[in-house]
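The values are calculated or read from the model by the stated rules, or taken from the named source; none is laboratory data. Please read these numbers as outputs of a predicted model, since none were measured by experiment. Using ideal geometry, Cβ is built from the backbone for each residue, glycine included, and neighbour counts are taken over all protein chains shown.
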Amino acid sequence: MNHTGESENNVFWHQSAIKKEDREKQHGHKSIMIWFTGLSGSGKSTIANALQHKLFQKGISVYLLDGDNLRHGINKNLSFTAEDRQENIRRTAEIGRLFVDAGVVVLAALISPYEKERLNARALFQQDEFIEVYIKCSLQECENRDPKGLYKKARKGEIKHFTGIDQPYEEPKNPEVVIDTNKLSIDDSVERLLSYLLDQFHLIPNAKE
């Protein structure tokens, strides 16, 4: 069957009449991707969700892309093999890029264990649009917490390809922010991120108070 008419060579980018800068102006703040990475149980989703709430309270248009939630929908056909994890991250980053283009602050919380895939995600964004947040926590502490009982199942062999057990986690080499949840509470972690976003890095200069 000839699919030439549908090939990449015949698909063209349609330029929108509205620019990202126009949408940012309407929202009243800059749009960015904040990418949370870390082991299961490190606190990624909890901190990202708490930060989302704080930003929303400040009048910022914000949305959280949670890795588990995405696997209930757009990524439901993906497993946890290295190849499917790569595709999981690619899809999430592409969705995030659409949110950024829409003028929204988007948060993504995924284990995203490999440096190469995180760099590929970063490459989709302009230099001032992507912030990598490493939620640092020791494997032992993550196992002690084990909020979903996943480490226990992985140790029993009931879950395969589990990061930290039978698949590696590559720590970020140059993250913009490191949050050590062995030492910081959820509230302290969120306050540190807010300080970075709203004061130090001036990424959201026109946010409504």
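Assorted remarks:
- Here is the figure for the range 40-70: residues that are within 14 Å of the chain's Cα centre (by Cα), of a type outside the set (Gly, Ala, Ser) and outside any helix (DSSP H, G or I) total 5.
- For the range 127-137, the set of residues classified as in contact with a helix residue (DSSP H, G or I) (Cβ under 9 Å, 6 or more places away or on another chain) and in a loop (DSSP other than H, G, I, E, B) consists of Glu129, Cys137, listed by residue number.
This table checks each residue for (1) modelled with pLDDT under 85; (2) on the phi < 0 side of the Ramachandran plot.
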{"position": "Gly28", "(1), (2)": "no, no"}
{"position": "Gly38", "(1), (2)": "no, no"}
{"position": "Thr81", "(1), (2)": "yes, yes"}
{"position": "Ile89", "(1), (2)": "no, yes"}
{"position": "Ala93", "(1), (2)": "no, yes"}
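- Look at the range 132-156: where a residue is over 23 Å from Glu115 (Cα atoms) and a partner is in a helix (DSSP H, G or I) and among the basic types (Lys, Arg), sitting 6+ places away or on another chain with Cβ atoms under 7 Å, you get Asp146/Lys152.
- Scanning the range 110-123 for residues that are aliphatic (A, V, I, L, M) and within 19 Å of Asp66 (Cβ to Cβ) returns Leu110, Ile111, Ala121.
- Residue count for the range 162-175 under the criterion of being of a type outside the set (A, V, I, L, M, F, W, C), outside any strand (DSSP E or B), at negative phi and buried (at least 16 other Cβ atoms within 10 Å of the Cβ): the result is 3.
- Filter result (surrounded by 17 or more Cβ atoms within 10 Å (Cβ to Cβ) and either charged (D, E, K, R) or touching a helix residue (DSSP H, G or I) at 6+ places or on another chain (Cβ under 6 Å) (or both)) within the range 25-36: Lys30, Ser31, Met33, Phe36
- Residue in the range 93-116 that is within 17 Å of Ile47 (Cβ to Cβ), of a type in the set (Ser, Thr, Tyr), in contact with a Ser or Thr (Cβ under 9 Å, 6 or more places away or on another chain) and assigned to a loop (DSSP other than H, G, I, E, B) present: yes
- Hits in the range 130-161 - residues which are charged (D, E, K, R), more than 23 Å from Asp84 (Cβ to Cβ) and crowded, with 18+ Cβ neighbours inside 10 Å: Lys136, Glu143
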